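I have placed the structure first, in the form of structure tokens, so that the comments after it can refer back to it.
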Amino acid sequence: MSRLSRIWNRLRGALDSRSVEVLIHEELENRIIGDKPTVLYVGARYDYGNSDWGLSFEHYNFFHTLRAMGYSFVYFDYDRLVQRYGGVVASSMLRQAVYYYSPDLLFYFHYLDWIDHEVWKEVSSELPTKTIIWLADDHWRFEETRGVWELFNVIVTTDREGYERRIKEGVSRTMLSQWGFNHYLYRRIATPKLYDLSFVGRCHGVRRSFVDTIEKNGVSVATFGQGWNRGSRVSQADLIRIYSGSRISLNISLSSTGGKVQIKGRDFEIPGSGSLLLTEESEDLRDYFVPEDEIVTYRDADDAAEKARYYLEHDEERERICGRGRERALRDHTMERRVTDIFNFSYNINI
């Protein structure tokens, strides 16, 4: 008897009178369009799996984008389902959903390893569905997540070192992608410019000392997020208003774990919302924007303060860069563009 069969036998007595088939019918949001490819999206609905904190980055970006793109679509919000039914039941629900909906593609944004590996293995190796895993924080979770990403047909990472390492290991089904912004959501709105320089994000690591240094150089920073002067989590509505209402928006790129300068979703959301992006310089970022033409980069906090002061005093130059940054973001860096490229790669790769 296989492991999955043993799990299924245990489930019969654990689900009261309802079967897994009934649960997926009741719990999974779906929109099936007869002549469209079907995508089963597996991702966390809530911010870090906590409903008290609001909806997650991946819900606003991947779920919202996939739904807007017009695919036949099934949503498996695995954080909510695991918390409600437990990992064993949720894993069997996912397996049943793949057989029931027969998706062309399964797209999984990996957060925590809550789905039974035997399910991933069965779907990836025995069924016609192409399975895709998107890895966040690959720069410090490469080995930690190896046991799950090795089970997928396509592996997507935003970390160049992780990509190159897999290619060196012979894992050719790896794709280097990047964060982007959901242009259906992030947009320039006609709100007054209330802030000269703003920063949105949790107050952790070097962020407080970074902001303190900028302000000691004479530039005031409007900070938003948990840990800043009784601040709380910023809603998406407020985030869009803050970006649109800022002459300059600051991104602090150093990751909270792993100590590496990362490209962030903010690097695309800010230009896409029509604000001037002031972000830490890196070679990787040059693949996506032209510094000092579409965005502005800094070396350290003192340099960030100097750049902020300059562009606050030169309105026309600032607005010209804002316009070019927004044009580039809309042309090349939407989540729709990222998803389309990933799906094309997945269809063309031989497993």
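Worth pointing out:
- Qualifying residue in segment 15-28 (condition: modelled with pLDDT of 90 or more and either assigned to a loop (DSSP other than H, G, I, E, B) or not assigned by TED's automatic domain parsing to the domain that holds Leu106 (or both)): yes
Residue-by-condition table, conditions (1) assigned by TED's automatic domain parsing to the domain that holds Ile155; (2) within 24 Å of Ser232 (Cα to Cα); (3) part of a loop (DSSP other than H, G, I, E, B); (4) not basic (Lys, Arg):
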site: Asp35; (1), (2), (3), (4): yes, no, yes, yes
site: Leu40; (1), (2), (3), (4): yes, no, no, yes
site: Asn61; (1), (2), (3), (4): yes, yes, no, yes
site: His64; (1), (2), (3), (4): yes, yes, no, yes
site: Arg67; (1), (2), (3), (4): yes, no, no, no
site: Arg84; (1), (2), (3), (4): yes, no, no, no
site: Val89; (1), (2), (3), (4): yes, no, no, yes
site: Gln96; (1), (2), (3), (4): yes, no, no, yes
site: Leu112; (1), (2), (3), (4): yes, no, yes, yes
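- Of the residues making up segment 251-262, one or more are modelled with pLDDT of 95 or more and at negative phi.
- Every pair of residues 6+ apart whose Cβ atoms lie under 6 Å, when the first sits in segment 53-68 and is among the polar types (S, T, N, Q) while the second is assigned to a loop (DSSP other than H, G, I, E, B): Ser56/Ala44; Asn61/Asn182; Thr65/Asn182
- Test: residue in segment 132-148 that is touching a strand residue (DSSP E or B) at 6+ places or on another chain (Cβ under 9 Å), in a loop (DSSP other than H, G, I, E, B) and within 30 Å of Glu319 (Cβ to Cβ): no
- Yes/no for Val171 being out of contact with any strand residue (DSSP E or B) (no Cβ under 6 Å at 6 or more places or on another chain) and not assigned by TED's automatic domain parsing to the domain that holds Arg247: yes
- Flag for Asp212 being modelled with pLDDT of 95 or more, over 30 Å from Glu144 (Cβ atoms) and not assigned by TED's automatic domain parsing to the domain that holds Leu176: yes
The values are calculated or read from the model by the stated rules, or taken from the named source; none is laboratory data. Remember, it's a predicted structure, so these values are computed and weren't measured experimentally. Ideal geometry is used to build each Cβ from the backbone, glycine not excepted, and the neighbour counts take in all protein chains shown.
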